[in-house]
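Beneath this line is the structure, given in C-alpha cells, with notes to follow.
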Amino acid sequence: MPNESDDRLEVERLTKHITLLEKALRDERASKKIAEQKLDDIYQHRYDSYRELVSALEQANHRQAQLQVLSNLANYHVSYNSTAEMLTHFLQEISLLLEDASVILFDFKTPEQAISYKLDKENNNLVKLLPKRTDISSLYSLVGGNESQWQRITEKLTHNHEISAFLEHDFQLVFTYHRLRNRVNLVIIDIPHYCYSKELKQTLDTAGQQFVSALQKRSTEEKLANNYEKLQHTLKKLTSMQNQLVHSEKMASIGQLAAGIAHEINNPIGYVKSNLSVLNDYILLFNQAIKEVGNHLPENEELTFAQQDIGPLIESCIGGVDRVAEIVSSLNSFSRKEESTELQPVSIKDIINDSIKIAWNNIKYNSEIDLKCTEDLPKIMGHKGELQQVLINLIVNAVHSLEEQGKITIKAWANKRRVYISVSDNGCGMDEKTKNKLFEPFFTTKPEGQGTGLGLSVSYAIIEHHKGEIKVESTQGEGTTFELCFPIANESIAIA
Amino acid sequence: MKGAIFCGYAEFIEQNHGLMTWLEIIDKSELATSSSFIATELYDDNILVELLTITSDILGVTVSEILTSFGKILFPKLMEAAKHHVDKCDNIFDFLDHVENVIHIEVKKADPLAYTPSLILDKISNNKLLLKYTSHRQVCFLAEGLIYGAANHFNQQVTIEHISCTHQGDKHCLMKVTTD
Ligand code: HEM
C-alpha cells in the first residue's frame, strides 16, 4: 500500500521536522536568555554605581520624614496644657497611624487594681470601660519590664475575660509607661496586624518616647507650679497672720494702756463728781444765806456776777466730768478681757433691723439703705446690745463718710461655719494711714470735740469678745466696706 | 509587568501542559502579539490578566489556583536572577524580609519602571508571621505561590492562610504564614 507507506514517511518527515523546529526554538530561547542575562548584567552594573548615592538619598528622605513627624509631635506636646489632653491626643494620633485601631488604657498603682478606659475617637476623650477595677497582672507580666516601648503581645489574652471581651484581634500592641512615680499606664492597641514599614514602626517608637518624656517634663512642671502656688499661698497666709499678730499685739498693749489710764482716772473722777454735787448743794446753801442777808450787804457787782455764773459753771463741770466718766467706761469696755456679759443665740437679722431703726435719725437725711439678708440665717452666740452698738457705730460712720447723698448697703449671709455681715458705703473712702489706725482708741477723723475716737476700738473689742473678725476694705473716692464674721452658734454652745 | 514574568509563565504552561497549550492560549489572546516575550522588556499588565483568564477557561481551573502553582514554578527562576543578593538568608522568614528590603528594591533600581508589590511583615513568633500584600495588581495568589516556592528552596514546609483578601472586599490582603 504505497499510500500508507507514503503517509508514514510523511509523518516521520513531519515529526522530524517538528523535533528539529522544537530544538531550534529551544536554541533560540537559550540564546535569548543569554542575551537578556547580559542586558540585565549591564543594567545591574550601571545601577550598582548609583546604589550608594540612592541609598544615601533614601536615608536622608527617611530622616526628613521622621523629623517632620517628631517636630509636629513636639509642637503639640508643648502647646497642650493638661497631661490628660496630651494623653488623649497621643492615643488618638497612634490610633490614626494604625488604621483607626481601638485603644484601651489601664491606669494603676498595682496591676491587680487597674482602672480601665477606652478611647472615644469621636468625642476625643477617654471613657470608663469597666465600672469596677480589674486585675491585669497577667497581662502586665507579659509586657515585662519593657517601658516606653511598643511591644507585640503574642499570647492570646484569655486569662482576663473581662478585657478580652473588648478585644477583637488575637495579637495586640502594648505600651507601658510611668505616668507618675507610682502610677503606671498600660495602653493596648487592638490591631489586626503589625505589618508596617520600618519607618512607621520607628516613628511609633519615637512618638512613644517623646510622649513619655513630654509627660515627665510636664508632670515635673506641674509639680513645680503646684509647689510654687502652695508656697505663695503659705506666704500670703503668713503675711496676713503676721499683720494680724502685730495688730492684735498693738490692740492688746493699747488695751492695757487704756485700762491703766481708766483706772487712774476713775478714782479722781469719782470723787470730783461726788464733790461737785456736794459743792452744788453747798452753793445752794450759800445762795440761800446771801439772799437772807442780801439787804445788809453793800452793792457788789462782781459778787452778783459770780452768784449768777456759779450755777452754770458747776453744771458744765458736772457735764464735763460725766463725759470723762463715759469715756473711761468705754475705755474699760475696750480693754475688758474677760467679758462678764453672757452670750446667747441671737438673730443677726433682728439686730441689723433694730440698729437701722435706732440710727434712723442719722440716716434719713442723706442716705438710702439697701438691705440684703439671705433667708434662714443661722443664729450666732452674742450679746444683743453690744452687737447693736457695733452695727450702729458702723452705720453712723458710713453716713458720715457720705458726701451729700449716698447709699449704704448692708448684707448678711452665711456659709457652713460662719455668718457674715457687711456694711458698705459709697462715700469718700480712706487712705492707708487711716485704715491702719482705724481701730486704735482716740483715733478719729472728725473735727475736735465731735468724736471720741473710741467707736471702732470698742467695736473691735466687742467683736473679739464674740470670737468674730472685722475686716475693712476701702478705696479713696469710691467707698468703704466693713465685713464682720461670727461663728455660727452650735447647739452645744447654745445650750451651755 | 516585566517580561521575565511572562517568560516564566510561558515556561510554566509549557512544562505543565505542553507547548501546544501555550500556543493555543496566545492564539486566543487579543492583546499578546507574539508567543515570545523578552525578559527585560515591560508589557501591559492586562496581557497577563487576559492570559490568565484564557488559561483558566481552557484548563478549567481558577485563576488563583493557576497563580499559586505558577508562583511555585516561577520562584526558582526569579531566584536564579537574585542569587547574589541572598547569600545571607537561610530561612523563609529572613528571606521574605530580604525580598521586601533588598531584592524588590534592586529590581526597581535596575529598572525604574518595574513595579513590585509591598510585602510588609509582622513576625509574631518564631514560626508565625503575618504578611500584608499590597499592590494595585492584586495578584496575592502569585505571592502565595512564590512563598511556597521559596519555602521549597530553603527546605521548609509552610502553610499559608489568607486571613483577609482584597478580592473578598477586605481592606488588605493579609496572609498568615506558619512553618512546621
Ligand atoms: C517569596 C518571594 C517573593 C515574593 C512573595 C514575590 C512577590 C512578587 C509578586 C506578587 C509580584 C507581582 C507584582 C505585583 O504583585 O504587583 C512580584 C513581581 C516581581 N518580583 Fe517578586 N517576589 C518574590 C521574590 C522575588 C525574587 C527572588 C526576585 C528576583 C529578582 C523577584 C523579582 C520580581 C520582579 C522582577 C517582579 C516584576 C516587577 C514588574 O513587573 O515590574 N521577586 N514579586
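Observations on the model:
Per-residue answers, yes or no, for (1) away from every other protein chain (no Cβ under 14 Å); (2) buried (at least 19 other Cβ atoms within 10 Å of the Cβ):
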| site | (1), (2) |
| --- | --- |
| A:192 | no, yes |
| A:196 | no, yes |
| A:200 | no, no |
| A:216 | yes, no |
| A:229 | yes, no |
| A:232 | yes, no |
| A:235 | yes, no |
| A:241 | yes, no |
| A:252 | yes, no |
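- Sole exception among (1) over 26 Å from residue B:46 (Cβ atoms); (2) away from chain A (no Cβ under 14 Å) for residue B:174, by number: (2)
- Taking the stretch B:78-100 as the range and being near the ligand (Cβ under 9 Å from one of its atoms) and surrounded by 15 or more Cβ atoms within 10 Å (Cβ to Cβ) as the test, the residues that pass are B:78, B:79, B:81, B:82, B:85, B:86, B:92, B:95, B:96, B:98, B:99, B:100.
- Spans of helices (runs of 4 or more DSSP H) in the stretch B:39-132 with at least 1 residues within 13 Å of chain A (Cβ to nearest Cβ): B:63-82, B:92-98, B:104-110
- Counting only strands (runs of 3 or more DSSP E) that sit wholly inside the stretch A:90-170, those with at least 3 residues that are surrounded by 15 or more Cβ atoms within 10 Å (Cβ to Cβ) and within 32 Å of the chain's Cα centre (by Cα) are A:102-108, A:115-120.
- Pick from the stretch B:159-169, criterion away from every other protein chain (no Cβ under 13 Å) and either touching a Pro at 6+ places or on another chain (Cβ under 9 Å) or within 26 Å of residue B:86 (Cα to Cα) (or both), ranking: nearest to the ligand (Cβ to nearest atom): B:160
- Screening the stretch B:101-123 for residues that are hydroxyl-bearing (Ser, Thr, Tyr) and within 8 Å of the ligand (Cβ to nearest atom) and picking the one that is modelled with the lowest pLDDT gives B:115.
- Residues that are more than 9 Å from the ligand (Cβ to nearest atom) and either closer than 17 Å to residue B:45 by Cβ or of a type in the set (Val, Ile, Thr) (or both) within the stretch B:124-144 comprise just one, B:124.
- Residue list for the stretch B:60-69, restricted to those being in contact with a helix residue (DSSP H, G or I) (Cβ under 7 Å, 6 or more places away or on another chain) and more than 19 Å from residue B:31 (Cα to Cα): B:62, B:64, B:66, B:67, B:68, B:69
- Set A:307, A:256, A:288, A:244: member being polar (S, T, N, Q) and in contact (Cβ under 8 Å) with a residue 40 or more places away in the chain: A:256
- Within the stretch B:1-36, tally of residues that are over 22 Å from residue A:19 (Cα atoms) and either part of a loop (DSSP other than H, G, I, E, B) or within 16 Å of the ligand (Cβ to nearest atom) (or both): 13
- Residue A:59 at pLDDT below 80, assigned to a helix (DSSP H, G or I) and surrounded by 11 or more Cβ atoms within 10 Å (Cβ to Cβ): no
- For the stretch A:199-211, the count of residues that are outside any helix (DSSP H, G or I), over 38 Å from the mean Cα position of the chain (by Cα) and at pLDDT below 90 is zero.
- For the stretch A:88-119, a tally of residues being touching a helix residue (DSSP H, G or I) at 6+ places or on another chain (Cβ under 9 Å) and not aliphatic (A, V, I, L, M) returns 10.
- Across the stretch A:161-178, the number of residues qualifying as more than 14 Å from chain B (Cβ to nearest Cβ) and at pLDDT 85 or above comes to 6.
- Scan of the stretch A:413-427 for residues that are crowded, with 19+ Cβ neighbours inside 10 Å and closer than 16 Å to residue A:475 by Cα, ordered by number: A:423, A:424, A:425, A:426, A:427
- Condition met for residue B:172 (more than 7 Å from the ligand (Cβ to nearest atom), touching a residue at least 60 places away in the same chain (Cβ under 8 Å), over 18 Å from residue B:4 (Cα atoms) and touching a helix residue (DSSP H, G or I) at 6+ places or on another chain (Cβ under 8 Å)): no
- Meets criteria (among the basic types (Lys, Arg) and within 16 Å of the chain's Cα centre (by Cα)) for residue B:77: yes
- Only one of the numbered conditions (1) at pLDDT 70 or above; (2) assigned to a helix (DSSP H, G or I) is violated by residue A:65, and that is (1).
- Filter result for residue B:156 (within 11 Å of the ligand (Cβ to nearest atom) and assigned to a loop (DSSP other than H, G, I, E, B)): no
- Sole exception among (1) within 22 Å of residue A:201 (Cα to Cα); (2) β-branched (Val, Ile, Thr); (3) near the ligand (Cβ under 8 Å from one of its atoms) for residue B:147, by number: (1)
- Any hit, the stretch A:328-339, residues being of a type in the set (A, V, I, L, M) and buried (at least 16 other Cβ atoms within 10 Å of the Cβ): yes
- Within the option set B:64, B:56, being among the hydroxyl-bearing types (Ser, Thr, Tyr), crowded, with 17+ Cβ neighbours inside 10 Å and more than 9 Å from the ligand (Cβ to nearest atom) holds for one residue only, B:64.
The values are calculated or read from the model by the stated rules, or taken from the named source; none is laboratory data. Predicted, not measured: the structure shown is a model, and the values here were computed from it. Note that each Cβ is placed from the backbone with ideal geometry, even for glycine, and that neighbours are counted across all protein chains shown.
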